[in-house]
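Q: First, the structure itself, so that you have it in front of you.
Since every read-out is calculated from the coordinates, none of them should be taken as a lab result. Since we're looking at a predicted model, the values are computed, not measured. So basically every Cβ, Gly included, is an ideal-geometry build from the backbone, and we count neighbours across all protein chains shown.
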Amino acid sequence: MATSSERTPLAERVEELLAAGGPLPIVSAGDPVLRRGTRPFDGELDAALLSRFVEALRLTMRAAPGVGLAAPQVGVPLRIAVIEDPAPVPEEVAVARGRVPLPFRVLVNPSYEPVGSGRAAFFEGCLSVPGWQAVVGRHAAVRVTGQDEYGRGVDEVFRGWPARIVQHETDHLDGVLYLDRAESRSLASNEAMAERWGQATPGDAARELGFTLPE
Ligand code: ZN
């Protein structure tokens with residue numbers, strides 16, 4: 001734990017990031033900070049600085065726009081992520097993908113484990129890999145344990161698209177990018193996605209691009 005009279009190097013780093021104001025710069029794949037993993041949050045930022053940092057993560061996620069953002073994506077190796085998905089998609093897509101609205105929340109020191117054996121395979125993308133998407137097979141439901149931004153315990157089951165989001169963001173905290181789990185032949189530019197692969201499920205893409213839908 002840090003004392004209030006002694007700023008940790010991480011606190012200094014966060015203060016510098018916040019000093020510029022506005023959305024934070026998002027680091028891209030190739031930066032080691034996305035690969036080193038994070039250490040559990042243990043008071044390295046005091047309550048006021050944590051609150052300001054979380055607010056900056058929220059602003060940055062919304063401006064991107066994205067449905068999740070992990071601290072390493074702004075160069076901070078702490079086990080903290082934010083998630084939020086208004087789910088502005090057509091009904092058919094929402095039903096097929098289980099994409100229900102996910103209110104804003106903060107995950108501190110999250111970890112997940114599968115609930116049941118169900119799997120789901122869909123295209124996803126990442127703010128640190130701009131311009132591209134790929135199909136990733138993930139657990140259909142996960143149990144997430146950890147804390148919130150106030151240090152209160154979290155123990156909750158996420159299903160559907162929210163389960164995908166929390167797996168993606170928690171993986172960031174372990175130095176894992178979605179590409180590590182993706183079907184590489186499914187890789188598609190945002191342009192190709194818009195032109196060809198807007199279907200609710202990736203079956204057509206699997207046939208046309210020559211990949212097997214991952215289990
Ligand atoms: Zn990401």
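Q: Roughly what angle does helix 160-173 make with the longest principal axis of the chain, taking Cα atoms, 0 to 90 degrees, to the nearest 10?
A: The angle comes out at about 50 degrees.
Q: Taking the chain as the reference, fit the longest principal axis to its C-alpha atoms, fit the long axis of helix 47-63 to the helix C-alpha atoms, and give the angle between the two in degrees, 0 to 90, nearest 10.
A: That works out to roughly 30 degrees.
Q: Run the simple label-point estimate for GLU156 and GLU12 please: 7 Å along Cα→C-beta, distance reported in nm.
A: Roughly 3.6 nm, to one decimal.
Q: Once Rh is set to the Kirkwood radius over Cα pairs, what Stokes-Einstein translational diffusion coefficient, in µm²/s, holds for the chain at a temperature of 10 °C and a viscosity of 1.306 mPa s?
A: Values: Rh = 17.9 Å.
Translational D for this selection: 89 µm²/s.
Q: Please report, largest first and rounded to whole Å, the three semi-axes of the ellipsoid equivalent to segment 1-95, where each semi-axis is the square root of five times an eigenvalue of the C-alpha gyration tensor.
A: Numbers: eigenvalues 149, 42, 33 Å².
After diagonalising the Cα gyration tensor, the semi-axes are 27, 15, 13 Å.
Q: What ranking of LEU213, LEU45, LEU18 emerges when the number of other C-beta atoms within 10 Å of each C-beta is taken as an exposure proxy, fewest first?
A: On the way: LEU213 18, LEU45 23, LEU18 15.
So the ranking, lowest neighbour count to highest, is LEU18, LEU213, LEU45.
Q: Right, another one. If you take the beta carbon distance between VAL95 and SER28 as r and set R0 to 30 Å, what does 1/(1 + (r/R0)^6) give as a FRET efficiency, to the nearest 0.05?
A: Numbers: r = 33 Å, r/R0 = 1.11.
Plugging the Cβ-Cβ distance into 1/(1 + (r/R0)^6) gives 0.35.
Q: Between segment 166-184 and segment 17-73, what's the alpha-carbon centroid distance in Å?
A: Value for the Cα centre distance between the two parts: 17 Å.
Q: For an R0 of 41 angstrom, estimate the FRET efficiency from the Cβ-Cβ distance between ARG207 and SER51 and round to the nearest 0.05.
A: On the way: r = 49 Å, r/R0 = 1.19.
Working from the Cβ atoms, E equals 0.25.
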